[in-house]
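In what follows, a single structure is set out as structure tokens and then discussed.
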Ligand SMILES: Nc1nc2c(ncn2[C@@H]2O[C@H](COP(=O)(O)OP(=O)(O)O)[C@@H](O)[C@H]2O)c(=O)[nH]1
Ligand SMILES: [Mg+2]
């Protein structure tokens with residue numbers, strides 16, 4: 001997906017294209033021919049600029065029929081995919097209509113030797129083009145806002161994905177960092193002020209993705225706002241396995257029973273495998289029978305990875 005360029009307002013598009021066209025001049029020794037050719041070339045320039053600009057906008061927006069599901073869900077939730085499609089359809093209509101008006105005007109001008117007619121016709125065509133562009137002002141404004149929002153949606157790939165969940169401070173970020181080969185990318189997250197972090201790791205020839213979604217799977221569901229609930233729904237389409245981290249030391253600040261309740265809620269909400277692990281085993285190692293790791297020292301991580309890969313490979 002290409003970066004979406006800044007979307008201009010209708011007025012800006014009109015100004016830019018008319019200003020550019022005003023610099024176009026065509027020479028001819030005969031005055032009326034010079035005026036005629038110049039008027040035609042200017043109209044053609046205006047129509048081309050508008051056509052190119054709007055085409056550029058349309059092609060820079062992602063093809064929502066092909067984006068990863070999670071991206072689609074979030075776009076739909078935050079902006080509305082149909083609304084984007086309709087607005088882009090409006091731009092297509094606009095550039096085609098502008099082209100038609102331009103072509104027709106040029107034809108009429110080319111058949112005339114009357115200076116006054118040529119000048120008036122050019123003015124008329126300019127006026128009609130302006131009004132068509134103004135008709136998509138709302139769409140342009142909408143797309144300009146949509147662009148901002150889309151750029152904040154982390155682009156998550158369609159590859160096997162491990163979602164890391166658990167209460168705050170249990171060690172999620174540290175684990176994501178520990179098991180990612182590169183540095184996890186932190187992307188702005190549209191639902192909370194926290195960043196979502198996305199890391200990758202490789203096993204054999206296959207690439208996997210591990211993500212930490214602070215603010216989403218780290219609290220009881222009943223306390224969720226509507227938008228968070230929908231974001232959690234979007235997560236359902238994303239993850240192939242959830243690693244739920246428990247901090248038995250409770251240094252994280254949350255009692256063990258609350259952590260276990262959240263674990264159960266997540267198991268009930270998601271119908272994908274959930275692996276419950278106890279972190280910070282360098283401080284406290286219980287006899288719970290759950291997998292024990294230390295994201296700090298790396299202890300148990302290898303075992304966890306085996307477990308994750310075993311689950312992903314089914
Ligand atoms: N002793 C110890 N501390 C840990 C371990 N994992 C995380 N921590 C610490 O716990 C705190 C919270 O970790 P963080 O990864 O930010 O938790 P998150 O809020 O779940 O992402 C940090 O101070 C970490 O250094 C661990 O295995 N052992
Ligand atoms: Mg964190």
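We did not get these values from a lab; they are worked out from the coordinates using the rules stated. Just so we're clear, the structure is a prediction, and the values are computed from it rather than from any experiment. When we count neighbours, we look across all protein chains shown, and the Cβ atoms used for this are built from the backbone with ideal geometry, even at glycine.
Secondary structure note: in the stretch 161-312, about 40% of the DSSP beta bridges are antiparallel. Dimensions of the stretch 82-157 based on its C-alpha atoms, expressed as ranges along the principal axes with the largest first, amount to 60, 19, 16 Å. As a ratio to 2.2 N^0.38 Å, the alpha-carbon radius of gyration for the chain is 1.47. Considering only alpha-carbon pairs that sit under 8 angstrom and 6 or more positions apart, the relative contact order computed for the stretch 161-312 is 24 percent. By the Kirkwood approach, averaging reciprocal distances over each pair of separate Cα atoms, the stretch 164-298 gets a hydrodynamic radius of 15.3 Å. Above 19 Å, the calculated P(r) of the stretch 207-278 contains 33 percent of its Cα-Cα pairs.
What the Cβ-Cβ distance of residue 23 and residue 141 gives, at R0 = 22 Å and to the nearest 0.05, is a FRET efficiency of 0.20. Listing 34, 19 from fewest to most neighbouring C-beta atoms within 10 Å gives 19, 34. As a proxy for reagent exposure, ranking 200, 237 by other Cβ atoms within 10 Å from fewest up yields 237, 200. For the chain, DSSP calls about 40 percent of its internal beta bridges antiparallel.
Between the stretch 27-63 and the stretch 212-244, the alpha-carbon centres lie 50 Å apart. Against the chain, whose longest principal axis comes from its Cα atoms, helix 69-78 is set at around 70 degrees. Across 21, 66, 265, mean-square fluctuation computed from a Gaussian network of the chain (C-alpha pairs under 10 Å connected) peaks at 66. Rounded to the nearest 0.05, the FRET efficiency derived from the C-beta distance between residue 115 and residue 58 at R0 = 35 Å is 0.35.
Estimate the FRET efficiency between residue 297 and residue 265 by the formula 1/(1 + (r/R0)^6), using the beta-carbon distance for r and 25 Å for R0, to the nearest 0.05. About 0.25, to the nearest 0.05. Counting only the backbone N, which residues of the stretch 221-257 are under 11 Å from the spot 7 Å out from the Cα of residue 290 toward its beta-carbon? Residues passing the 11 Å test: 244-250, 256-257. Kirkwood radius for the stretch 120-166, taken over all pairs of different Cα atoms as the inverse mean of 1/r, rounds to 14.7 Å. When 99, 223 are sorted by how many other C-beta atoms sit within 10 angstrom of their C-beta, beginning with the fewest, the order is 223, 99. Overall dimensions of the stretch 10-151, expressed as equivalent-ellipsoid semi-axes from the Cα gyration tensor (√(5λ), whole Å, largest first), are 38, 12, 11.
The length gained on full extension between residue 107 and residue 219, counted as 0.36 nm times the residue separation minus their Cα-Cα distance, comes to 33.6 nm.
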